[in-house]
Amino acid sequence: MTKFYVNGEPVEFRAAPDTPLLWALRDHLGLTGTKFGCGLSQCGACTVHVNGEPALACSIPVSDLQGKRVTTIEGLPANAVVKAVKGAWVDKDVVQCGYCQPGQVMAAVALLTKNKSPSDAEIDAAMDGNLCRCGTYPRIREAVKTAAAKLAGKR
Amino acid sequence: MKTTANPSRRTFLKATAALSGGLVIAFWLPGRRGLARAQGAPKAPIPPNAFLRIAKDGTVTVMVKNLEFGQGVTTALPMLVAEELECDWSRVRAELAPAAPEYAHTAFGMQMTGGSMSVGDSWTQLRTVGAQARTMLVAAAAAQWKVKPEACRAEKGFVIGPGGKKASFGSLAEAAAKLPAPEKVALKDPKQFKLIGKPTRRLDSVERIEAKTVFGLDVKRPGLHTALVAHPPVVGARVAKFDAQKVRGIAGVTHVVQTSLGVAVVAKNFWAAKKGRDALEIEWEAGPGATLSSEGLRAEYAALARQPGPMAKKAADPNAIKAAAKTVVAEYEVPFLAHAPMEPLNCTVEYRGDSAEVWCGSQFQTVDQAAAAKAMGLTPDKVTLHTMPAGGGFGRRANPASDYVVEACEIAKSVKVPVKTVWTREDDVRGGYYRPMYVHRVEAGLDAKGAIVGWNHAIVGQSIIAGTAFEPFLVKEGIDHTSVEGVSDTPYDIPNLAVTLHSPKSPVTTLWWRSVGHSHTAFVMETMIDELAAAAGEDPLAFRRKLLAKHPRVVATLDLAARKAGWGTALPQGRARGIAVHESFGSVCAQVAEVSLEKGEVKVHRVVAAFDCGLVVNPMTVEAQVQGAIAFGLSAALHSAITIKDGKVQQSNFHDYRVLRLSEMPKVEVHIVSSGADKPTGVGEPATPPIAPAVANALFALTGKRARSLPLGKTSWA
């Protein structure tokens, strides 16, 4: 059994310990906001935060999570960074199909939590692991910059 | 001035208060439903659902008949209704319609999403629905106030009458629903539009961002099991026998069943099903696909390209080219391509013996519903097909063979528990239904002044359409139109153009892929035109303009892109521009790409796109679709290829089937041509075709090397 925390709630996971966090979230906890895209750490659709760091849920076995704190898109706190990111995503009309966007938002929140004014190169580097087949990349870049400006009080 | 829509002759209208105590309008165009009938769709009377519901609280719900998979129909189609309804836009929401005959395409008689047709198809239909509902709401208010309807008007969700009278749509909906629907309604002149043409944010952003949207993969049902299917490792192979001994011991696995394509492992969750499938021992009967390779196909296709064959277009004078002062001969190749939508394929089925429910992100509801019914031994009316929002599709979810739907139905019928099939990314990349591989051979002749005198164009590649229900409509005298579109109907004034098509068969399954035939024909046409411009010693833009004199719309679009890109102005050392223009799906897109080489790798810095898509409904969506179509096209232009060796697909996931990443995305500037058109043309696809040739032409300008095969990344540019 592995004990860890998901969105602040304690979880005692008794199914196969090699179950990837992605499928523990989706199939066992009913949290389907974390998306399956590749299962191979290639696309970022399953981006969550583990102890505050961005992580790919498809490639972390539950057995590695003993005592750790997992945050999913459903459990993001309503803090300034999260509000700025979600607000910028709506303002810039980023969404197309929307399937990769929870992962994109998780990656952007992780970036802006650590770095309030990322350069263009830092944005590209931080968001490069999150694929989008619809091609929302230009608006993702704009939205991250908009959120950063908001956080810097520049609006 | 108003234009009048007269739907009365072919239109059956029905208003009923059956749903949610509000106004429900059903609108139906009977008599053009040939394909739906042919495939066994029920002829039952129209069911009590519709395009529009107005609830007592004033919420306006528009039923969207198309699949939402990124193209923005759940915003654009409600805009059409709202424009005429005069409702409060902030109270509008969209719902995806299930499979039902009244949601058929108005001309094709089947419910479908494709061909960049969604907005155009609903253009008159949904504005009419909005105008009818508005007329009924006004009539209901007028009756209540005992005044003439002409004395009342609708505005922002209210009917306003004489003497300051005011009633909300919600309060009037029930009474309005009891009135007869007007047969004739006047539709606004485009000059009167308040919403159409205005940049409008998507209605579904917040639910998508907060992950509240239920995609097909997210469907939850009581007792739902997950199934993974082992598909043939060799193209076209079949199961000879299998041993499930090692599978049965895996906790959570409940069933192992053979399907028409492979062997399914059903389990209580994904991970158990995955482990179970990994433990399966299957002996495959390889069949003729065992020796198949892309290399072999290339040689076969190149040989065929030199043979006579069915002609899509004949030259007025086939001998004219023989008198050419200069002849350019080039052979082109493009690979098989997977669609690789972010949401892997999936389908949920509950089979109940005499009926069934299916949940999937279908681009082909009518076809999938009929196929599901057939697979379960039911009639289509016994199968409810819920259209789920899809995480991309690009054509993969519009399969005439309904492969992934049929497979899920076979499993559900066999195991008799609710089942969701999930394709892994490897299943998707290796699962067939690719954009076909093509070889083109072009022989073009110029006279001494650099004018084209003849053009022999041979295209070789599998037919997407042959063997499907679409064959009678799209294949004529051996010519699959989707294989030659963009060549045989080119707007360029090319004297003595001859187009030959060979459509060899292979065990590889093929399918349309965003922009269909244009995905390869634009690359060939636009790089060849560029090559001829160079051979004639002319500027690529000027050379094109001369050949397009009879097509002012194409010239205007080309000119706009060139002007905005600074065509002809100096660039920093190591950078070059390339230009391309292509007409598809009723629209024209021109692009100028700016490239450089960084450590031998192609880097695209900037793309300036000009786009004429007729009347623009939502400029914000149009810009997004052009950006997205360029990203999609750039993936294939630079990186993506499915190759086959010994019958096996050599790629498996995003590490070897590469698609564009954010750091590779160029700056994209989108300029919409204000054409004054009175109706919308295609938006989702037409910006994909020009990007590969624009980049290839820029690489020629930079290096002097001509790219004649895709992806460009496999050519050594250094």
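The values are calculated or read from the model by the stated rules, or taken from the named source; none is laboratory data. Bear in mind that the values here come from a model prediction, so they are computed numbers and not experimental data. Cβ atoms come from the backbone with ideal geometry, glycine included; neighbour counts cover every protein chain shown. Note: accessible area is taken over every heavy atom of the protein model, side chains too, but ligands, DNA and RNA are not part of it. Shrake-Rupley method; radii C 1.70, N 1.55, O 1.52, S 1.80 Å.
Quick look at the numbers
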| item | result |
| --- | --- |
| Cβ-Cβ FRET estimate between B:Arg563 and B:Arg352, R0 fixed at 51 Å, reported to 0.05 | 0.25 |
| Segment B:425-514: GluC sites (Glu not before Pro) falling in loop per DSSP and having at most 16 other Cβ within 10 Å | B:Glu477 |
| Sites B:Arg248 and A:Tyr5 - FRET efficiency at Förster radius 35 Å, r taken between beta-carbons, to 0.05 | 0.50 |
| Coil-residue trypsin sites (Lys or Arg not before Pro) of segment B:313-389, DSSP, other Cβ within 10 Å capped at 15 | B:Lys314, B:Arg352 |
| Interface area, A with B, accessible, probe 1.4 Å, both sides summed, Å² nearest 100 | 4600 Å² |
| Ranking by accessible area, most exposed first, for B:Phe473, B:Phe523 with a 1.4 Å probe | B:Phe473, B:Phe523 |
| Across B:Lys274/B:Lys420; B:Lys156/B:Lys679; B:Lys326/B:Lys449; B:Lys65/B:Lys188; B:Lys194/B:Lys679; A:Lys116/A:Lys145, pairs whose alpha-carbon gap is larger than 18 Å | B:Lys156/B:Lys679; B:Lys65/B:Lys188 |
| For B:Ile282, net neighbour charge (Lys/Arg +1, Asp/Glu -1) across residues whose Cβ lies under 11 Å away | -1 |
| Ratio of the Cα radius of gyration of segment A:2-75 to 2.2 N^0.38 Å, where N counts its residues | 0.95 |
| DSSP bridge pairs, chain B: antiparallel proportion in percent, nearest 5 | 75 percent |
| Per residue, the convex hull volume that the Cα atoms of the protein assembly as shown enclose (Å³) | 172 Å³ |
| Extreme residue, positive dipole direction of chain B, given options B:Ala211, B:Pro335, B:Val235 (C-beta unit charges) | B:Ala211 |
| Inter-probe distance in nm under a simple model that places probes 7 Å from Cα toward Cβ, at A:Ala152 and B:Lys146 | 6.7 nm |
| Amide N of segment B:636-660 lying under 20 Å from the label point, which is placed 7 angstrom from the Cα of A:Asp120 along Cα→Cβ | B:660 |
| Euclidean distance of C-alpha centroids, segment B:509-578 and segment B:446-493, integer Å | 19 Å |
| Accessible area (Å², 1.4 Å probe, nearest 10) - A:Thr71 | 40 Å² |
| Per residue, in Å², the accessible surface of segment A:2-75 once ligands and nucleic acids are set aside, probe 1.4 Å | 39 Å² |
| Solvent-accessible area of A:Asp18 with every protein chain in place, 1.4 Å probe, in Å² to the nearest 10 | 70 Å² |
| Fraction of accessible area attributable to carbon and sulfur, segment A:80-151 (%, probe 1.4 Å) | 55 percent |
| Candidate residues B:Lys268, B:Lys449: accessible-area rank, largest first, probe 1.4 Å | B:Lys449, B:Lys268 |
| Rough spin-label spacing in nm, given labels placed 7 Å along Cα→Cβ, for B:Leu474 and B:Thr379 | 3.0 nm |
| Pairwise centroid distance, computed over Cα atoms, of segment B:633-689 with segment B:391-410, Å | 21 Å |
| Å² of accessible area per residue within chain B, as computed with a 1.4 Å probe and no ligands counted | 37 Å² |
| Extension gain from B:Lys56 to B:Ala325, taking 0.36 nm per residue of separation minus the Cα-Cα distance | 89.2 nm |
| Rg(Cα)/(2.2 N^0.38 Å) for chain B, N = residue count | 1.01 |
| Stretch gain in nm, segment B:Glu174-B:Lys194, where the contour uses 0.36 nm per residue and the Cα spacing is subtracted | 4.5 nm |
| Over chain B: helical MRE at 222 nm, DSSP H runs n ≥ 4 each giving -39500 (n - 2.57), nearest 500 | -8000 deg cm²/dmol |
| Simple label model, 7 Å out from Cα along Cβ direction - B:Ala466 to B:Asp646, nm | 2.9 nm |
| Magnitude of the charge dipole, chain B, Cβ model with Lys/Arg +1 and Asp/Glu -1, debye to 20 | 1420 debye |
| Three-way shape call for segment B:232-375 based on the alpha-carbon gyration tensor, with the a/c threshold at 1.5 | prolate |
| Computed FRET value (nearest 0.05) for B:Lys667 with B:Arg201, which takes r as the C-beta separation and R₀ as 30 Å | 0.85 |
| Gain on full stretching of the segment that runs from B:Asp493 to B:Thr715 - 0.36 nm per residue minus C-alpha separation | 76.8 nm |
| Accessible-area composition of chain B, carbon plus sulfur, in percent [1.4 Å probe] | 53 percent |
| Using distinct alpha-carbon pairs, which all enter the 1/r mean, Kirkwood radius of segment A:80-151 in Å | 11.7 Å |
